[in-house]
Amino acid sequence: MPKGQAFSLAQRAALVTGSTAGIGRAIAEVFTEAGARVAINGRNSDRVSEVAAELKGAIEAPFDVTNYDEAEQAIGNVVEQTGRFDILVCCVGARDRRALAEIEPQDFRHVLETNTVSAYQLSRLATANMTHPECGRIIFVSSTAATRPFRGDPVYASSKAAMESLARSLAFEFGHLGTTANVIAPGFVATEFNQTLAKEKSVQAFVRDRIPARRWARPDEIANVAVFLASDAASYVNGHVLAVDAGMSVTL
């Protein structure tokens, strides 16, 4: 990489799951700005088409992350259209905010399948199709809840903790090829999905008292970290969980 271009994603091809809204969409946008061709993913094909039309060179990849046949076809399509595959970002996150006594085993399995098993299988598919493994990047979007869970959220926290452990295993598995696996663990992020939560007085008090910045993160503040981890600038960062929480985790 020429000097001064360490953060460029030019000529790179990426799949970002859950990229029609929230953090995933912000990552797709900044990846595109950095020069990558990005496959936009979501279950709603119309929404996928809308977002892809707004991003230069974007590829439509509508599929459910738990449908592994469709996932394999989507990654193959990226290779067919770009001639390569470099970056996988797993940003889908199912959540079930209920107490443990209210969550049946099948509910637990659903969240694990969506958050963790899908990341495992997508990583298998991605690494098998990486045409330039020295540029390979696997990035999982986890949560600070993985290590500092809140009451009433045991399934989500468990699934994200498992995802972080998986990333460390992948780092060891593929590091010798130059492919890295890292995790972003956001704190409170102001996405459309968190609007109701943000209005709760107890949450507002927590943000004010326990987050040094005293505010929620913007999605682009998480996405910019993803660009770093996907770029050559992070070629020696591997198996790391990077908390992006404005210092919240040091106060807990």
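Read the figures in this text as sums done on the coordinates, not as results from a lab. Bear in mind the structure is a predicted one, so any value in this text is a computation, not a measurement. With ideal geometry, Cβ positions are generated from the backbone for all residues, glycine too; neighbour counts draw on all protein chains shown.
Side notes on the structure shown:
- Whether the stretch 105-246 is rounded, prolate or oblate, judged on the alpha carbon gyration tensor where a/c under 1.5 counts as rounded: oblate
- 3J(HN,Hα) from dihedral phi, the stretch 170-175, Karplus parametrisation 6.51/-1.76/1.60, rounded to Hz, x for glycine, proline: 5, 4, 6, 5, 10, x
- Relative contact order [Cα under 8 Å, 6+ residues apart], the chain, whole percent: 21 percent
- When only the Cβ of Lys, Arg, Asp and Glu is charged (+1, +1, -1, -1), the dipole of the chain relative to its Cα centre reaches about 880 debye.
- A full extension of the chain between LYS201 and THR66 corresponds to an added length of 45.0 nm, given 0.36 nm per residue minus the alpha carbon distance.
- Positive-end residue, the chain charge dipole about Cα centroid, Cβ charges, pick of VAL111, HIS240, VAL38: HIS240
- Given R0 = 35 Å, the distance between the Cβ atoms of GLU102 and ASP209 translates into a calculated FRET efficiency of 0.75.
- Theoretical ellipticity at 222 nm over the chain - DSSP helices of four or more residues, -39500 (n - 2.57) apiece, nearest 500: -13000 deg cm²/dmol
- Selection from LEU177, VAL92, VAL227 lying farthest towards where the dipole of the chain points positive, charges on Cβ: VAL227
- Each Lys and Arg contributes +1 and each Asp and Glu -1, all at the Cβ; summed about the Cα centre of the stretch 92-170, the dipole is approximately 200 debye.
- Extended-chain gain in nm, criterion 0.36 nm per residue less alpha-carbon gap, GLU134 and ALA6: 44.7 nm
- Integer Hz, Karplus 6.51/-1.76/1.60 couplings in order for the stretch 200-209, x for Gly and Pro: 6, 4, 5, 5, 4, 5, 5, 4, 5, 9
- Whole-Hz ³J(HN,Hα) from phi, Karplus 6.51 cos²θ - 1.76 cosθ + 1.60, for the stretch 47-57, glycine and proline x: 5, 4, 4, 4, 5, 4, 5, 8, 10, 4, x
- Rounded to the nearest 5, the antiparallel percentage of DSSP beta bridges internal to the stretch 13-251 is 0%.
- Each Lys and Arg Cβ is given +1 and each Asp and Glu Cβ -1; about its Cα centre, the stretch 143-238 then shows a dipole of about 540 debye.
- Peptides 14-26, 83-95 ordered by packing proxy, namely the average of other Cβ atoms within 10 Å per residue, highest first: 14-26, 83-95.
- Using 0.36 nm per residue and subtracting the Cα-Cα separation, the extra length available between THR251 and LEU177 on full extension is 22.9 nm.
- At most 15 other Cβ within 10 Å, DSSP loop - chymotrypsin sites (Phe, Trp or Tyr not before Pro), the stretch 162-252: TYR236
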